[in-house]
Amino acid sequence: MIRVALAKGRLFDPAVACFGRAGIVIDPDPGRRLLIPSNDPGLEFLVVKPADVAVYVESGAADLGVTGTDVLRESEADVLEPLELGFGACRLVVASPASAPWPDLPGGKTARVATKYPRLAWRHFGEAGRPVEIIAVNGSVEVAPLLGLAHWIVDLVDTGNTLKANGLVERETILQVGAVLVANRASQKLKLEAHLALMARLEQTVRG
Ligand code: AMP
């Protein structure tokens, strides 16, 4: 049996569609069941919060997972990344108010940066030797500069509409983000054939 962890939220529908194109149909109405069967008796699914996919896969509670590279890099989980899945493209950026000076703040102040990605933000500014103060938040990041919580934000951007609506401008790109298949290291060794067979089916949907 291969267990696959899927992320709730934006990546869920495209992930289900991707498996569907590979001929794997996930029960569309799982009710309250947390383990969801599919039309393949050797494959079951688990739906968890995006940040938890890598936790389940790293620990071996799930053999495989579908997650975005944003939460994956933030987690620093030790998992294999055998396949880019070709959906969920967006980017992690630094943004600041259109009306504010960039990159230097008046009076040489240290910028406060609000983000759901404190590690990636630290690394980005740290590698460039730019001192900042990171404020970790769990959501509604774009409102932080409007409320004076932070000068800048680090957040995901897709169309750019949310930034624009909040008077923010994209200043720097930190990471190109996309959905990837992740695999537990031990599982891929122990169940190599099943992993390879599933990856081949998924890979065809990405190429096709
Ligand atoms: P947009 O207005 O299209 O640029 O979308 C930006 C908003 O959607 C921000 O609140 C992001 O945090 C969120 N967002 C964009 N892309 C993704 C994604 N691939 N996964 C999760 N959230 C996203």
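The values are calculated or read from the model by the stated rules, or taken from the named source; none is laboratory data. Given the structure is predicted, the values throughout are model-derived calculations rather than measurements. With ideal geometry, Cβ positions are generated from the backbone for all residues, glycine too; neighbour counts draw on all protein chains shown. Quick note on the areas: whole protein, heavy atoms, side chains included, nothing else; ligands and nucleic acids left out. Shrake-Rupley method; radii C 1.70, N 1.55, O 1.52, S 1.80 Å.
Details
- With q set to 0.19, 0.26 Å⁻¹, the log10 of I(q)/I(0) for the range 88-148, from the Debye formula over equal scatterers at the Cα positions, is -0.78, -1.37.
- Rounded to the nearest 0.05, the FRET efficiency derived from the C-beta distance between ASN161 and PHE12 at R0 = 22 Å is 0.55.
- Summarising the label geometry, the points placed 7 Å from Cα in the beta-carbon direction at ARG123 and MET1 lie 3.4 nm from one another.
- Summarising the strand pairing of the chain, around 60 percent of its internal DSSP beta bridges are antiparallel.
- Extension reserve of the VAL169-ALA89 stretch, reckoned as 0.36 nm per residue once the Cα distance is removed: 26.9 nm
- Loop-located trypsin sites (Lys or Arg not before Pro) across the range 101-147 with a Cβ neighbour count of 12 or fewer within 10 Å are LYS109, with loop assigned by DSSP.
- Long-range HN-HN contacts of VAL25 with modeled amide H, under 5 Å: ASN39, ASP40
- Sites matching GluC sites (Glu not before Pro) across the range 56-127 that sit in DSSP coil, with at most 14 neighbouring C-beta atoms within 10 Å: GLU76
- C-alpha long axis of helix 118-127 to longest principal axis of the chain, angle in °: 60
- By a 1.4 Å probe calculation restricted to protein chains, ARG91 has an accessible surface near 60 Å², given to the nearest 10.
- Using only alpha carbons, the range 58-184 has a radius of gyration to Kirkwood radius ratio (Rg to Rh) of 1.02.
- Segment LYS109..ARG185, full-extension length gain: 22.8 nm, with 0.36 nm per residue of separation and the alpha-carbon distance subtracted.
- Estimated [θ] at 222 nm from DSSP helical runs (n ≥ 4, -39500 (n - 2.57)) normalised by residues in the chain, nearest 500: -8500 deg cm²/dmol
- Mean separation of Cα pairs under 8 Å and 6 or more residues apart, divided by the residue count, gives the chain a relative contact order of 28 percent.
- Among the chymotrypsin sites (Phe, Trp or Tyr not before Pro) in the range 7-106, none is located in a DSSP loop while being surrounded by at most 14 other Cβ atoms within 10 Å of its own Cβ.
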